[in-house]
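Asks: There's a structure below that I have some questions on.
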Amino acid sequence: QVQLVESGGGLVQPGGSLRLSCVASGRFFWINAMGWYRQAPGKQRELVATITRQGATNYADSVKGRFTISRDNANNTVYLQMNNLSPEDTCVYYCNVQVLSGWNGAKDDYWGQGTQVTVAS
């Protein structure tokens, strides 16, 4: 019903910046919250940032002040601007969206394929 395509990952030096993008497509009434999560091999997935349809944001303490989440509702796209990156930010980053997918308020979560972010000298 919904597909998420992520892009923007790569290799950067410590202190560098990247911007991740995630585009949603498919069948849904509208998108509610959107967010970014990250996961290292053998580790649990953790929240990075979320943004509501109205633009309210929430950030993990580890990225607050360095990362900025934003969205373009007209294009069903969410972004994550990552500044002042450190090696601790090295992870696979996953886009997540919650959509209104059916009548009577049915909601569903969908995940992107993941994009690798590596921060190293």
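The values are calculated or read from the model by the stated rules, or taken from the named source; none is laboratory data. In this text, all values refer to a predicted model and were calculated from it rather than measured experimentally. We place every Cβ from the backbone using ideal geometry, glycine too, and count neighbours over all the protein chains shown. Note: accessible area is taken over every heavy atom of the protein model, side chains too, but ligands, DNA and RNA are not part of it. Shrake-Rupley method; radii C 1.70, N 1.55, O 1.52, S 1.80 Å.
Asks: Looking only at region 1-31, count how many residues are part of a strand (DSSP E or B), open to solvent by less than 70 Å² (accessible area, probe 1.4 Å) and over 15 Å from Ile69 (Cα atoms).
Replies: Looking only at that region, the number is 8.
Asks: Give just the number: which of (1) surrounded by fewer than 19 Cβ atoms within 10 Å (Cβ to Cβ); (2) more than 30 Å from Ser121 (Cα to Cα); (3) not aliphatic (A, V, I, L, M) does Arg71 not satisfy?
Replies: Unmet for Arg71, out of (1) surrounded by fewer than 19 Cβ atoms within 10 Å (Cβ to Cβ); (2) more than 30 Å from Ser121 (Cα to Cα); (3) not aliphatic (A, V, I, L, M): (1).
Asks: Looking at (1) assigned to a helix (DSSP H, G or I); (2) touching a strand residue (DSSP E or B) at 6+ places or on another chain (Cβ under 6 Å), which is the only condition Glu88 fails?
Replies: Result: Glu88 fails condition (2) only.
Asks: If you don't mind, there's one more thing I want to ask. Please specify each residue of region 32-54 satisfying the condition of being touching a Leu at 6+ places or on another chain (Cβ under 9 Å) and crowded, with 19+ Cβ neighbours inside 10 Å.
Replies: First pass over region 32-54, keeping only residues touching a Leu at 6+ places or on another chain (Cβ under 9 Å): 32, 35-38, 48-49.
Those that are touching a Leu at 6+ places or on another chain (Cβ under 9 Å) and crowded, with 19+ Cβ neighbours inside 10 Å: Gly35, Trp36, Tyr37, Arg38, Val48, Ala49.
Asks: OK, next. What's the number of the only condition in (1) open to solvent by 20 Å² or more (accessible area, probe 1.4 Å); (2) of a type outside the set (S, T, N, Q); (3) under 17 Å from Leu4 (Cβ atoms) that Val99 fails to meet?
Replies: (1)
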